[in-house]
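**Q** Handing you a structure now.
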Amino acid sequence: MTQRIVYETHMHTPLCRHAEGEPERYAEVAEQRGLRGIIVTCHNPMPDAGFGGPNIRMNEDEVDTYLAIIERARDAFDGRVEVHAGLECDYFPGFEHVVEQQTRDLPLNFVLGSVHPQLMNWRRKFALFSPIDAQFTYFNQLADAAETGLFDSIAHPDLIKNVTANYYNLDNLIDHIRATLDRIAKTGAAMELNTSGLNKVVPEMNPSPRILAEMKRRDIPVTVGADAHVPDRVADHYEEAYDLLEAAGYTHVSYFLERRRHDIAIADARASLTNAAGV
Ligand SMILES: [Zn+2]
Ligand SMILES: [Zn+2]
C-alpha cells in the first residue's frame, strides 16, 4: 500500500458560519482520498463587524469550542487520519497585534495569512476609489503580511482578481507582482495554491499559472489547499494543482506541522492519492 503523505491544509468548520460539516466528515473524505491528515484552518476572530464577524468567522469566545471539536475529531480518527489545528488569519494593517496574540497563545500547527479584499473593512479602506489601485494595494499587502513573520503561508494569493474581475489585467500588474514576490521570497514564507479558485468569478486556481512560474523563479515554497467549506471538497483538484506546479517547474510541495515546513516530492504525493471512491 502506498504511504499516505498528503494533507488537506486549508478547510473550514461550521463555526465560520459559511461552511458545513463537522471536522469528522472532512476526515472521512480525507481517509477515502488517501490523505495522511487534515489541518483545520477556520477564520480567526477579528474585533469588529467590518471583518464579517457575524457571518464568516468565529467569535473570540468560540475559540475553545473550535479547539475542542478538532480534538474530538482527532480522537475519533486516531490511527486513521491525523487531525490538526491551524488557523486562517486575516492580515489587515493595524490589526497585526490580534494575530500576534492568537498565534502566540493557541496551539496551532499551521497559520495561513490572508488578505480578503471582499470584506467590508477592506473595501472601505482600500477600494473606495479605484479598482486598479486596490489591485496594487492588495499585492503590496501580501508582501507586508509575509514580512510580519506571523504566517507560514500566504493564502489564495491573487484573490483580488475575483473582486475586481472587469479591471484585472495581469500584463499591467506583473512587474508589481514580481516586486512583491521578491519581498516575499526574502521572508522564507510559503505561498498557497488554492484550488477553490476554480469555483470563483475567474475560474482558475489562486494564483494563476503565470504568477506560479514567478514564484518558482524565486523558489518560494508552495502549500496546496482546497479551502474546503464542504466535506466533499477535501483535496479537491489536487492532481490538477500538481500538474500546474510541475508546469511551473516545481518538483516538491510543502505542508506545515508545529509551524515547521516539510517538503514532499510531487510525484510521491500524486501516487499516494486515491479517488473519492477509495480506488
Ligand atoms: Zn480565505
Ligand atoms: Zn479559507
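The values are calculated or read from the model by the stated rules, or taken from the named source; none is laboratory data. Everything quoted here is computed from the prediction, not taken from an experiment. Glycine gets a Cβ as well: all are built from the backbone with ideal geometry, and neighbour counts include every protein chain shown.
**Q** What strands (runs of 3 or more DSSP E), lying completely within region 218-279, carry at least 1 residues that are farther than 22 Å from T41 by Cβ and of a type in the set (D, E, K, R)?
**A** Numbers: elements: 222-225, 252-257, 260-265.
Fully inside region 218-279 and qualifying: nothing.
**Q** Quick check on my filter: what residues within region 85-134 are more than 16 Å from ligand 1 (Cβ to nearest atom), outside any helix (DSSP H, G or I), among the small types (G, A, S) and on the phi < 0 side of the Ramachandran plot?
**A** Hits for region 85-134 are A85, A127, S130.
**Q** I would also like to ask the following. Please work out if P54 is of a type outside the set (D, E, K, R) and either within 15 Å of ligand 1 (Cβ to nearest atom) or surrounded by fewer than 18 Cβ atoms within 10 Å (Cβ to Cβ) (or both).
**A** On the way: of a type outside the set (D, E, K, R): yes; either within 15 Å of ligand 1 (Cβ to nearest atom) or surrounded by fewer than 18 Cβ atoms within 10 Å (Cβ to Cβ) (or both): yes.
Here the answer is yes, as P54 does meet what is asked.
**Q** Looking at region 212-240, I want the residues that are basic (K, R) and have a partner that is not in a strand (DSSP E or B) with Cβ atoms under 7 Å, at least 6 apart or on another chain. Which pairs are those?
**A** If the second residue must be not in a strand (DSSP E or B), the pairs left are K216/A248; K216/G249; K216/Y250; R218/L181; R218/D182; R218/A185; R233/A226.
**Q** Do we have L108 as under 30 Å from E71 (Cα atoms), touching a residue at least 40 places away in the same chain (Cβ under 8 Å) and not basic (K, R) here?
**A** Numbers: under 30 Å from E71 (Cα atoms): yes; touching a residue at least 40 places away in the same chain (Cβ under 8 Å): yes; not basic (K, R): yes.
When the stated conditions are applied, L108 passes them.
**Q** Quickly run through region 185-207 and pick out the residues that are surrounded by fewer than 23 Cβ atoms within 10 Å (Cβ to Cβ), in contact with a strand residue (DSSP E or B) (Cβ under 9 Å, 6 or more places away or on another chain) and part of a helix (DSSP H, G or I).
**A** S196, G197
**Q** Of these, E71, E82, which one is away from ligand 1 (no atom under 16 Å from the Cβ), under 20 Å from the mean Cα position of the chain (by Cα), within 23 Å of E8 (Cα to Cα) and surrounded by fewer than 23 Cβ atoms within 10 Å (Cβ to Cβ)?
**A** Working: E71 fails: under 20 Å from the mean Cα position of the chain (by Cα).
Among E71, E82, only E82 is away from ligand 1 (no atom under 16 Å from the Cβ), under 20 Å from the mean Cα position of the chain (by Cα), within 23 Å of E8 (Cα to Cα) and surrounded by fewer than 23 Cβ atoms within 10 Å (Cβ to Cβ).
**Q** Cβ-Cβ below 7 Å, separation at least six or inter-chain, first residue in region 253-279 and more than 17 Å from I39 (Cβ to Cβ), second modelled with pLDDT of 95 or more and hydroxyl-bearing (S, T, Y): which pairs?
**A** Going by the 7 Å Cβ cut-off, the qualifying pairs are A265/T251; I266/Y242; I266/Y250; I266/T251; R270/Y242.
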